[in-house]
Amino acid sequence: MALTTQANKNSIGIASTETTAVFNTTYKAGSHSSHSGIYKCSKCGREIAFNKDDNPLPPHYSNNSCRSPEWKLFIYAQN
Ligand SMILES: [Zn+2]
């Protein structure tokens, strides 16, 4: 689970309906995404920080039992 402080919580907004679609896209390791932020594997729940300038999206560490992550954008870093 991603955590933040109570003070930072007030700086996180809710995505508009137009933006919500980017949260519903699933990416496999090696896929490219144009959105930076925190991604969560929909199979095992692992969270990663991802910068869109560091494409492609990574695999899990080799010692993770989840072999093929399905990354979904969890927190969008807009700026
Ligand atoms: Zn996984």
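The values are calculated or read from the model by the stated rules, or taken from the named source; none is laboratory data. Note that the coordinates shown come from a computational prediction; the quantities given were computed from them, not determined experimentally. Every residue, glycine as well, gets a Cβ built from its backbone with ideal geometry; the counts of neighbours run over all protein chains shown.
Things worth noting here:
- Qualifying residue in the stretch 37-49 (condition: part of a loop (DSSP other than H, G, I, E, B), more than 10 Å from the ligand (Cβ to nearest atom) and surrounded by fewer than 14 Cβ atoms within 10 Å (Cβ to Cβ)): no
- Subset of the stretch 53-79 that is of a type in the set (D, E, K, R) and more than 18 Å from residue 2 (Cβ to Cβ) - its residue that is nearest to the ligand (Cβ to nearest atom): 67
- Every condition in (1) assigned to a loop (DSSP other than H, G, I, E, B); (2) away from the ligand (no atom under 11 Å from the Cβ); (3) under 11 Å from residue 72 (Cα atoms) is met by residue 4 except one, and the failing one is (3).
- In the stretch 33-79, the residue that is modelled with the lowest pLDDT out of those that are of a type in the set (Gly, Ala, Ser) and more than 27 Å from residue 8 (Cβ to Cβ) is 62.
- Total residues in the stretch 50-79, condition of a type outside the set (A, V, I, L, M, F, W, C) and assigned to a strand (DSSP E or B): 3
- Residues that are within 21 Å of residue 4 (Cα to Cα), touching a strand residue (DSSP E or B) at 6+ places or on another chain (Cβ under 9 Å) and in contact (Cβ under 8 Å) with a residue 24 or more places away in the chain do occur in the stretch 25-35, at least one of them.
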